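Single-structure report; data block below.
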Amino acid sequence: MTTDWRFRSALFAALIFLSFPAAAAPCDSPRDPAAAITDCTQSINSGKWKGRNLAAHYGNRANAYHEQGDNDRAIADYNEAIRLDPERTLAFLGRGIAFSDKGDNDRAVADFSEVIRLDPKFARAFLTRGLAFVDKGDNDRAIADFSEAIRLDPKDAMAFNVRSLAYLKKGDDDHAIADLSEAIRLDPQDADVFKSRGLAYRKKGDFDHAIADLSEAIRLDPKDATSFFVRGGALSYKGDFERAIADYSEAIRLDPKDAFTLVGRGHGFSYKGDFERAIADYTEAIRLNPKFALAYFSRGRSYLLSGSAEKALADLDQASAYAPKEAYVELWVDIVSRRSNLPSRLEQASSRIDMTVWPAPSPRRCTSVAAVNWSRKTTTASS
């Protein structure tokens, strides 16, 4: 699972403005990548530039290609910049970010390590390498790199922010919250950090603090659908289904193609006993994502609770097919099968699921936002 895109995007946006020498200036247009590519190509082909100055043009064009999402061309240009100027730290840094975006974290780590060798006081090189270590699942080395970045630049809010991500992945919620609190102290206008701390509080079960942080995130960025979604989940845990449904509805208005939010609102309707609306939301989620196990599971439960055992079993079977290792699904398949006078399948299912997770979680926990284990855009701060 890759690191949240916003960290890398913010890092690259900050680093690109470090840019290259003035000799490269008409082809340094980070806000207009297409124009930069055109200008840099003309400069490269002009024959006027040699050595480090030519490397600067290749580096700037690589930055522009990266901004457009064309990592292969970006890497090719970074390669040429490095060939022309083997000590160009920003070319190694940019290439490392491009490799990381492609999921090639080993090469990314190698490039970031070269940046650190060339400039051991470059704090953000430690940040980028730390993020690559997070993507590799090596959270301890990530924390070491983030800590060094903080030592070099203790006022960089982003460093505390990304270190919190590694702590969360290690299950160390308290250290994560402490880092996010420091990031907020340093930059109290960053909505994403309030959202991340809200996620961390929600993970700890501290729903009041989660709701407070998510409300502040929404105040700072009222167009972020994810903050409404996560706050809706926290409100659901507290049993405030009316407000939860309102949050989910706003999230859906902002992002109508998010199947997970539709399932969240469906749960709110289901808990209120409004199975017709719940089923409608689950059905729309399935239309958007036909292999969404949680949507089939949730619709199956609603069908059962509204008296349609046959439809319930069909949906639960579908959920089992898409999530064959989910013990909780198999329990519900067995419940509905027995109610329909069909033989139990638990013994057969036990060969492919981890029965050590029993007792199964409560229905609210399984079908609530915490079911991000079934896959979501999560890892906004917790996974």
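Of note:
- Answer residue from the range 217-226, given it is in contact with a Leu (Cβ under 8 Å, 6 or more places away or on another chain) and assigned to a loop (DSSP other than H, G, I, E, B) and is surrounded by the fewest Cβ atoms within 10 Å (Cβ to Cβ) among those: K223
- Some residue of the range 265-272 being buried (at least 20 other Cβ atoms within 10 Å of the Cβ), at pLDDT 95 or above and within 20 Å of the chain's Cα centre (by Cα): no
- Options I279, I335: the member that is over 26 Å from the mean Cα position of the chain (by Cα) and closer than 21 Å to A251 by Cα: I279
- When we screen A74, A55, A64 for residues that are in a helix (DSSP H, G or I), of a type outside the set (S, T, N, Q) and more than 28 Å from the chain's Cα centre (by Cα), the only hit is A55.
- Residue in the range 52-68 that is at negative phi and without any contact (Cβ under 8 Å) to a residue 24 or more places away in the chain present: no
- Members of the range 92-144 that are of a type outside the set (A, V, I, L, M, F, W, C) and not in a helix (DSSP H, G or I): K102, G103, D104, D119, P120, K121, G137, D138
- Cross-chain or 6+ apart pairs with Cβ under 7 Å, the range 83-104 first and without any contact (Cβ under 8 Å) to a residue 40 or more places away in the chain and of a type in the set (S, T, N, Q), then part of a helix (DSSP H, G or I) and crowded, with 24+ Cβ neighbours inside 10 Å: T89/V115
- Note on the range 334-353: among residues that are part of a loop (DSSP other than H, G, I, E, B) and at pLDDT below 65, the one that is surrounded by the fewest Cβ atoms within 10 Å (Cβ to Cβ) is S351.
- Any chance F146 is under 22 Å from A110 (Cα atoms) and touching a helix residue (DSSP H, G or I) at 6+ places or on another chain (Cβ under 8 Å): yes
- Members of the range 154-181 that are among the β-branched types (V, I, T) and free of Cβ contacts under 8 Å to residues at least 40 places away in the same chain: I177
- Of all residues in the range 227-257, those that are in contact (Cβ under 8 Å) with a residue 60 or more places away in the chain and surrounded by fewer than 23 Cβ atoms within 10 Å (Cβ to Cβ) total 1.
- Matching option when the condition is surrounded by 24 or more Cβ atoms within 10 Å (Cβ to Cβ) and aliphatic (A, V, I, L, M), among L288, L313, L304, L262: L262
- If you filter the range 155-212 down to residues that are small (G, A, S) and not in a helix (DSSP H, G or I), you find that the one that is nearest to K223 (Cα to Cα) is G205.
The values are calculated or read from the model by the stated rules, or taken from the named source; none is laboratory data. Every value quoted in this text rests on a predicted model; they were computed, and no experiment measured them. Here Cβ is always computed from backbone atoms with ideal geometry, including for glycine, and neighbour counts include all displayed protein chains.
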